[in-house]
Amino acid sequence: MFKTDPRKLLARIAQVLDKTAIPYLVTGGMAVVAWGRPRYTADIDTVIELREEHIGILAKALMSLGKSGYISTDAMKEALQMRSEFNFIDGNTGMKVDFWISRNDEFARSQFQRRVAQDIYGTKVYFASPEDLILSKLQWYRLSSSDRHLEDIRTVFEISGDKLDREYLAKWVEKLGVRDLYSKVE
């Protein structure tokens, strides 16, 4: 069976975002792979600081990645207005990239300041820091109760635990109101 390495698409997406000067950070399963244990992920979750003037430029750049990709500029506009997400389907691989619009609050600004570059196939790709990934996963668990988020957090603690900034985590679990959930996984 032919398998596509999602990191190849990730590197191409990072190149597009750099070329269009759209700040971003990779989160979700791909960030878990960076900071925890490798696991299957069906998509690439990316938080972006999108402005209205970026919409057409980004859509065109993403469509230039292949002949039969899919993106909706209407969905992009709605996501920007609602501070939600839109997606791009890569025509070459069939993989989905979820673009989450940054909330532009104190935590989101902190995440962007602390993002960490890693080399993926010769491309600098920015990931959420392991601490911010843990905090985001706690927020997602609060919303969805999906045990996948807690499993992901545990793997980040197992692999990156000694390097984690515990003071930063303690500060933000209080600010984000996820102390109760954090105590389950720390």
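The values are calculated or read from the model by the stated rules, or taken from the named source; none is laboratory data. Since the model is a prediction, treat every value here as computed from it, not as a measurement. Cβ: placed from backbone, ideal geometry, glycine included. Neighbour counts: every protein chain shown. For accessibility, only protein heavy atoms count, side chains too; no ligands or nucleic acids. Shrake-Rupley method; radii C 1.70, N 1.55, O 1.52, S 1.80 Å.
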Revision key, fill the gap. Taking first residues from the range 99-125 that are farther than 22 Å from Arg7 by Cβ and second residues anywhere that are open to solvent by 50 Å² or more (accessible area, probe 1.4 Å) and assigned to a strand (DSSP E or B), the pairs with Cβ under 7 Å that are 6 or more apart or on different chains are Ile101/Glu85
Check your understanding: Any idea which of Tyr121, Tyr126 is surrounded by 18 or more Cβ atoms within 10 Å (Cβ to Cβ) and of a type in the set (Phe, Trp, Tyr)?
Key -> Tyr126
**Study point:** Residue pairs meeting the criteria (Cβ under 7 Å; at least 6 apart or on separate chains; first on the phi < 0 side of the Ramachandran plot, in the range 131-150; second exposed (fewer than 14 other Cβ atoms within 10 Å of the Cβ) and at pLDDT below 90)
**Key:** Leu150/Lys184
Check your understanding: Which helices (runs of 4 or more DSSP H) sit wholly inside the range 1-94 and have at least 2 residues that are open to solvent by less than 40 Å² (accessible area, probe 1.4 Å), under 19 Å from Ser136 (Cβ atoms) and not basic (Lys, Arg)?
Key -> 6-19, 28-35
Check your understanding: Applying the selection to the range 163-186, what residues are over 15 Å from His149 (Cα atoms) and small (Gly, Ala, Ser)?
Key -> Ala170, Gly177
Review point. Does the range 97-108 contain any residue that is in contact with a strand residue (DSSP E or B) (Cβ under 6 Å, 6 or more places away or on another chain) and open to solvent by 30 Å² or more (accessible area, probe 1.4 Å)?
Key: yes
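Which count do you get for residues in the range 130-152 that are under 19 Å from Ala170 (Cβ atoms) and over 17 Å from the mean Cα position of the chain (by Cα)? Please lay out each step first, then the result.
Of the range 130-152, the ones under 19 Å from Ala170 (Cβ atoms) are 130-139, 141-142, 150.
Within this subset, residues satisfying the condition of being over 17 Å from the mean Cα position of the chain (by Cα) are 142.
The total comes to 1.
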